[in-house]
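Report on one structure; see the data block that follows.
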Amino acid sequence: MFQLNGKVALVTGGSRGIGRACCEALAEHGATVVVNYVKGEAAAREVADAIVAKGGKAEILGFDVADPKACEAAIEDVVKRHGKLDVLVANAGISIDGLLLRLKDEDLDRLFAVNVKGALACARASTKAMMKAKTGRVIFLSSVVGEMGNVGQTAYAATKAAVIGAAKSIAREFASRNITVNAIAPGFIDTDMTSHMNDAMKEHLVKIVPLGRTGTAREVAAACVYLASDEAAYVTGQVLRVNGGMYV
């Protein structure tokens with residue numbers, strides 16, 4: 001089950017954290033993985049090299065998802081070189097925390113440019129190739145805070161809620177072309193993005209997770225593999241929650 005042999009997958013923000021775990025898991029199941037990065041070329045190359053060392057197929061591709069033209073050009077390049085693009089994992093994202101009254105306009109603009117406009121730009125470019133093939137998988141990475149909210153994360157939560165709305169709408173637009181579009185909403189996952197939290201904050205969050213622990217990037221990646229696979233062919237417009245019961 002969940003074999004991705006012959007599939008080509010692009011993972012944005014694939015050089016670390018959940019993105020890296022998705023790259024590795026997709027490759028382990030047979031996909032050729034394109035690891036996107038913005039500044040972390042060395043980290044992206046490390047991911048690709050690790051995949052190849054295990055017998056998988058991977059390459060790196062640098063572009064900023066906040067630049068729509070760069071997204072289109074990069075994805076056209078992937079399609080030209082591989083003849084297709086089967087899976088897009090729109091994972092690239094940033095977090096700028098702060099209370100609403102202290103929210104800076106430039107921070108709000110940057111959050112939406114990367115987390116929302118970037119995801120949509122990649123989806124728009126990817127679905128062009130998928131439409132011709134009459135098949136494809138688009139997977140957006142949202143967040144539990146996009147559904148339940150969180151103090152000090154108003155702007156970030158807004159971007160992640162927007163991604164869910166986009167996934168549901170795009171799913172309706174492309175269902176007739178056999179293209180599925182879904183979102184994954186991770187909960188409290190042990191990654192670089194949560195490493196800045198102090199111990200008290202981490203302990204508080206763990207207490208409100210029914211399973212009583214943080215999640216791992218690999219557990220999120222497993223959901224990504226499922227949605228990318230043929231076994232998920234009848235799943236579209238859905239939010240797959242990987243949150244330990246934090247939000248149900």
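The values are calculated or read from the model by the stated rules, or taken from the named source; none is laboratory data. Quick caveat: nothing in here was measured; it's all calculated off a predicted structure. Here Cβ is always computed from backbone atoms with ideal geometry, including for glycine, and neighbour counts include all displayed protein chains. Surface areas here come from the heavy atoms of the whole protein model, side chains and all, with no ligands, DNA or RNA. Shrake-Rupley method; radii C 1.70, N 1.55, O 1.52, S 1.80 Å.
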Checklist entry - What helices does the chain hold that run 15 Å or longer along their axis, going by alpha-carbon atoms, with a Kyte-Doolittle average of -0.5 or more, using DSSP H for the helix calls? => result 17-28, 41-53, 68-82, 118-133, 154-174, 217-228
Checklist entry - When the Cα centres of segment 62-92 and segment 171-194 are compared, how far apart do they sit, in Å? => result 17 Å
Item to check | Accessible area per residue in Å² at 1.4 Å probe, computed on the chain | outcome: 49 Å²
Checklist entry - Between Thr135 and Asp190, what FRET efficiency follows from the Cβ-Cβ distance if R0 is 30 Å, with the result rounded to 0.05? => result 0.30
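Which whole-number percent is the relative contact order of segment 88-222 (Cα, under 8 Å, 6+ apart)?
Relative contact order comes out at 25 percent.
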Checklist entry - Can you work out the FRET efficiency for the pair Tyr234 and Leu101, with r the C-beta to C-beta distance and R0 = 35 Å, to the nearest 0.05? => result 0.15
Item to check | Computed over the chain: relative contact order in percent, which uses C-alpha pairs under 8 Å that are six or more apart | outcome: 20 percent
Checklist entry - What spacing in nm lies between the two simple spin-label points modelled at Lys39 and Ser169, each 7 Å away from Cα in the Cβ direction? => result 3.1 nm
Checklist entry - Does segment 1-154 come out rounded, prolate or oblate, given a ≥ b ≥ c as the square roots of the eigenvalues of its C-alpha gyration tensor, rounded meaning a/c under 1.5 and, failing that, prolate meaning a/b above b/c? => result prolate
Next on the checklist: In whole percent, and with a 1.4 Å probe on the protein chains, what portion of the accessible area of segment 100-165 is carbon and sulfur?
Outcome noted: 57 percent
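In whole percent, how big is the carbon plus sulfur part of the accessible area of segment 209-248, probe 1.4 Å, protein atoms only?
Here carbon and sulfur together make up 57 percent of the probe-accessible area.
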